[in-house]
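Report on the structure given below.
What follows is calculated from the coordinates using simple rules that are stated; it is not laboratory data. Treat the numbers as computed from the prediction; the structure is a model and nothing was measured.
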Amino acid sequence: MDSDKRFLIFGIVGGFVALVAIFGYASMGYVRPFNIFWPEEVRQTLEFRNVDGKTVVVGTVGNAGTNPSLIMRTGDYSYIITIINKDTIPHRLYVDGVNASTKLLQPDEDDVIIIRSRHDTKFNYYDVADGTKLLGTIQVVHVIPLDKLEANKK
């Protein structure tokens, strides 16, 4: 009878550990497309390039085009931008309004900046390595969940 009690206790403890492990695995975003406990983050990648003798940034991950207009939303969200220098001269990306900038990027170097905003606004981003050259904008917008939008229509 003593071995039956031990088996039962090990079974309960093992089941609890397995439940915690499954919950932890699922909460890290491996089962769902987003993390349950951590704030959402959006990742973008921009590359400095020389196109026809002009310095531009090209969106390679999360956006497309030359000197793209980036869009992020307000709230507790992190907008993470990886900047890679694919040009032959140094560059430095600077975002006004939040005073975020990369280090001086030598060719084939990269850096990351993180932007957050609680208010609708618009930021310009520049290459400030050689003067101040406007490259594009980051638009911060307030997003309303669809269920709240439909409730306001009624």
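For the chain, the longest principal axis of the alpha carbon atoms and the long axis of helix 2-25 meet at an angle near 20°. Antiparallel beta bridges, as assigned by DSSP with both residues in the chain, represent about 70 percent of the total such bridges.
Name the shape class, rounded, prolate or oblate, that the alpha-carbon gyration tensor gives for the stretch 1-130, where a ≥ b ≥ c are the square roots of its eigenvalues, rounded holds for a/c under 1.5, and otherwise prolate holds if a/b is larger than b/c and oblate otherwise. Prolate.
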